[in-house]
Amino acid sequence: MLKRDARGAATMGGLRLEDLLDLGTESPQGERPRTPAYVYDVDAIVQAARDLSAGFEGAPHLIAYAVKANTAGPIVRALGAAGCGAEVVSGGELAAALGAGIPADSILFSGVAKTAREIDQAIGAGDRGILALQMESVEEIPRVVARARALGRKARVAFRVNPSVEADTHAHVATGHDEAKFGIALADLPAAYERVDAARDALELVGLGCHVGSQLTRTDEYLEGARVVLDLAAERRAAGKPLAYVDCGGGYGIDYGAGCPVTPADFARAASRLVAERGFGGTRIVVEPGRALVAPYGVLCASVVMAKRSRGEPTRRWLMIDAGMNDLIRPALYGAKHRIEPIDAPPPAADAAPGYRVVGPVCESSDDFGEHPFAEPLPRAVVVRDAGAYGFVMASEYNGRGLPTEIFLAGGRVVTVHASRDAAAWAASRLFG
């Protein structure tokens, strides 16, 4: 997590960020990574997973890290070593999770449009395939049956149920309402059960779960979805068909600066107590956190290119940085607001300094990170906070821009620097034909 040292400089993992990077755009030295660059505190990420695990208060559980939040090998490996499983949504993510050492029987595969190749990959992983392919429609079930029979292996599956819960979050990350593309509608469950039960030679239904949305800041909506799952699990158990686990989903919110009244451990405690109250105390609880484990422990560092000020009334100020929406698309995509602060000094109070519109170099008006206070003299570099999730994984090379560097910290030192394809390599890749 971002901290400040005695003189106010930004630090991660006990190291000054300005000491890790070649800052500024006018005279690069070439000895250190240049901006834009993501920096991650791997130790803090592992501790976040441990704190979440403690929230289950001894109840059997699996933290299936949502790999889509941050696919970086050093992070996935560290979480796997700390006992986490994985929730993946593509064959690429499945390969990354397995390659990072996460056992196949600790991996869930979600997604509404899995290809035949991805289904084969999941069924064929490890000794018995992955923990479960999460079925998101009745129509998906016969596709998995066909692939399991073709491979001569029994596939473990789970139902991702659409619980018809309206979560108080951004429309783009609300996933459990009636119009969402995700999950099996409650009215379709009898048909889904019928198809699974008719294919016992090929399928084993091991779990039920749901996901109501992301960036949840209250436990009540989360528990509303969990109650739906537990009611369905009770019906299944009463029919003599108990499940190996119940999946309460993820979506735990974090504090992006406006406050967040709950912690990930609060969700874990609430879920484990509800599961016990409903008579499932010995049943394994699966959760699928992503953002909450990584977002607060990663930042995006950017150099200041220049400032611009209008001469008219009212005065408008812009701070141009070398990171753009191609590096961090959340503000453009969701209207998300990340705190942006000087890298070498504490941020001024909002009412004590003029506001600057922080913008990037991409040729789009949406390449805009919002207004933030900056005092004179303006910093040579800034740090974008809480960028450890849905940052690099959503980056692109739009406008012919290279991908940002990633720097990983652990044990008070830099353990890995990953330089992605730069602009020159991008240009070379396009000179075909």
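Determine if region 87-102 includes at least one residue that is crowded, with 17+ Cβ neighbours inside 10 Å, over 21 Å from residue 181 (Cβ atoms), touching a helix residue (DSSP H, G or I) at 6+ places or on another chain (Cβ under 9 Å) and not aliphatic (A, V, I, L, M). No, because not a single residue in region 87-102 is crowded, with 17+ Cβ neighbours inside 10 Å, over 21 Å from residue 181 (Cβ atoms), touching a helix residue (DSSP H, G or I) at 6+ places or on another chain (Cβ under 9 Å) and not aliphatic (A, V, I, L, M). Going by the structure shown, is residue 261 surrounded by 22 or more Cβ atoms within 10 Å (Cβ to Cβ) and more than 23 Å from residue 397 (Cβ to Cβ)? Spelling it out, it is not the case that residue 261 is surrounded by 22 or more Cβ atoms within 10 Å (Cβ to Cβ) and more than 23 Å from residue 397 (Cβ to Cβ). Criterion first (assigned to a strand (DSSP E or B), surrounded by fewer than 17 Cβ atoms within 10 Å (Cβ to Cβ), at pLDDT 95 or above and under 27 Å from the mean Cα position of the chain (by Cα)) does residue 415 satisfy it? Considered against the rule, which asks whether it is assigned to a strand (DSSP E or B), surrounded by fewer than 17 Cβ atoms within 10 Å (Cβ to Cβ), at pLDDT 95 or above and under 27 Å from the mean Cα position of the chain (by Cα), residue 415 comes out as yes. Where strands (runs of 3 or more DSSP E) sit wholly within region 254-348, those with at least 3 residues that are of a type outside the set (A, V, I, L, M, F, W, C) occupy 298-309. Only one of the numbered conditions (1) more than 14 Å from residue 135 (Cβ to Cβ); (2) at pLDDT 95 or above; (3) over 27 Å from the mean Cα position of the chain (by Cα) is violated by residue 248, and that is (3).
Can you tell me which residue within region 177-217, out of those that are in contact (Cβ under 8 Å) with a residue 40 or more places away in the chain, surrounded by fewer than 16 Cβ atoms within 10 Å (Cβ to Cβ) and farther than 14 Å from residue 156 by Cα, is farthest from the chain's Cα centre (by Cα)? The residue in question is 191. In a loop (DSSP other than H, G, I, E, B) and either assigned by the TED database to the domain that holds residue 252 or modelled with pLDDT of 95 or more (or both): is that true of residue 160 in this structure? Considered against the rule, which asks whether it is in a loop (DSSP other than H, G, I, E, B) and either assigned by the TED database to the domain that holds residue 252 or modelled with pLDDT of 95 or more (or both), residue 160 comes out as no. For region 265-284, which residues satisfy the criterion of being touching an Asp or Glu at 6+ places or on another chain (Cβ under 9 Å) and either modelled with pLDDT under 95 or buried (at least 24 other Cβ atoms within 10 Å of the Cβ) (or both)? 268, the sole residue that qualifies. Among the candidates 383, 417, the residue that is of a type outside the set (S, T, N, Q), touching a residue at least 40 places away in the same chain (Cβ under 8 Å) and within 21 Å of residue 76 (Cα to Cα) is uniquely 417. Exactly one residue out of 316, 311, 330, 385 is crowded, with 16+ Cβ neighbours inside 10 Å, of a type in the set (Lys, Arg) and over 19 Å from residue 11 (Cα atoms): that is 330. Can residue 50 be described as of a type in the set (Lys, Arg) and either crowded, with 19+ Cβ neighbours inside 10 Å or free of Cβ contacts under 8 Å to residues at least 12 places away in the same chain (or both)? The answer is no for residue 50. Taking the criterion of being assigned to a helix (DSSP H, G or I) and modelled with pLDDT of 95 or more, the residues of region 196-225 that qualify are 196, 197.
The values are calculated or read from the model by the stated rules, or taken from the named source; none is laboratory data. Just so you know, these numbers come straight off a predicted model, no measurement behind them. Heads up, the Cβs are rebuilt from the backbone with ideal geometry, glycines too, and the neighbour counts pull from every protein chain shown.
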